[in-house]
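Scroll down for the structure; my scribbles are underneath it.
The values are calculated or read from the model by the stated rules, or taken from the named source; none is laboratory data. Every value quoted in this text rests on a predicted model; they were computed, and no experiment measured them. Using ideal geometry, Cβ is built from the backbone for each residue, glycine included, and neighbour counts are taken over all protein chains shown.
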Amino acid sequence: MNNYTRARVGVAGATGYAGVELLKRLARHPGADLRLAMGAGASEGRRVPALARIWDAPVIPFDLDRLADETDVVFLAVPDTLAAEVAPTLTARGARVFDLSGAFRLRNDDERRKWYPHAPAVRVPVAYGLTERNRAAVREAQLIACPGCYPTAALLALQPLVDAELIEGGVIIDAKSGISGAGKTPSERTHFSEIHGSIAAYGVFAHRHAAEIEQELGMPVTFVPHLVPIDRGIFETIYARLRPNTTAADVERALAAAYESSPFVRLTGAELPEIKHVAHTNFCDIGWRVERSGGQLVLVACIDNLVKGAAGQAIQNFNVAVGLDEAVGLN
């Protein structure tokens, strides 16, 4: 037995990659009473083999009324269009919503209409759920917009340095994602014969995550994502020009100060991290090299796109929001 007060929890989009990750952890989470697992539409109604003996109940078709009536907390791992439609109703009916889609991440109305044209402005406070940077906002908000996987790695690496005014500009983010980052619905790009043995850039100057990164940093970046033939993981090599007289020690001090109380950020210094170090975990590993004082900075940041980049970060936010240690259910 434990002394946790358990929130009634529902998951919508439970058969997608992020949804399955949510169920795996929430079904065993001491602070969550998992009541409902729903698909993103009317076609669900089956058990998920990957969850045998973890969640043996069927995944039922999406039902807004049941979510609102039978749960206190809702995790939305559904497409942006559905999240944009149902999140305002759920919050109006008293639910606390952790949205893994991008529908409510952008605060500027024009930017949100550009990248998420179905997403309305909402009346309740919305927190941008990058846990390590926004714990206070997450604790108070009713709607938490969990960041994208690419922005999570980029912002955890860059924001402390921007805040400390160590970066002069010229930020380039060379980002690579495993194929699960494209979602579970198959496409020509994600067929095995298309992706196997290849690496492809996409969304150059046209990826919505660039707007998200620029919003949080308050500065322009060049963001180029790539699809690589692995199942999971985000690997970002970030280039930036340091302000004059900035040293590697200055970079280390700023990052260490920002994350001294953050259990899921690991600073590796000159030992640059790899995807295999973070796969299936909620860690973000950050390493760096500095060419010379006041010269070129190279940061390397790695996360698992389905855990720290999606389900794990959502649960970390849930823990903060309900007053639990943020590592509960994630170690």
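Looking at 220, 263, 273, 229, can you tell me which residue is surrounded by fewer than 17 Cβ atoms within 10 Å (Cβ to Cβ) and either touching a strand residue (DSSP E or B) at 6+ places or on another chain (Cβ under 8 Å) or part of a strand (DSSP E or B) (or both)?
220
Apart from one condition, residue 261 fits all of (1) of a type in the set (S, T, N, Q); (2) more than 30 Å from residue 13 (Cβ to Cβ); (3) touching a residue at least 12 places away in the same chain (Cβ under 8 Å); the exception is (3). Checked against (1) assigned to a strand (DSSP E or B); (2) surrounded by 24 or more Cβ atoms within 10 Å (Cβ to Cβ); (3) touching a His at 6+ places or on another chain (Cβ under 9 Å); (4) not small (Gly, Ala, Ser), residue 174 passes all but condition (2). How many of the residues making up the range 10-19 are out of contact with any helix residue (DSSP H, G or I) (no Cβ under 6 Å at 6 or more places or on another chain) and either at pLDDT 95 or above or more than 19 Å from residue 72 (Cα to Cα) (or both)? The number of residues fulfilling the criteria is 3. Of all the criteria given as (1) in a loop (DSSP other than H, G, I, E, B); (2) of a type outside the set (A, V, I, L, M); (3) out of contact with any Asp or Glu (no Cβ under 7 Å at 6 or more places or on another chain); (4) touching a residue at least 40 places away in the same chain (Cβ under 8 Å), the one not satisfied by residue 56 is (4). Picking from residues in the range 287-322 that are without any contact (Cβ under 8 Å) to a residue 60 or more places away in the chain and more than 19 Å from residue 152 (Cα to Cα), the one that is surrounded by the fewest Cβ atoms within 10 Å (Cβ to Cβ) is 292. In this structure, does residue 256 turn out to be out of contact with any strand residue (DSSP E or B) (no Cβ under 9 Å at 6 or more places or on another chain) and either at negative phi or in contact (Cβ under 8 Å) with a residue 40 or more places away in the chain (or both)? Here the answer is no, as residue 256 does not meet what is asked.
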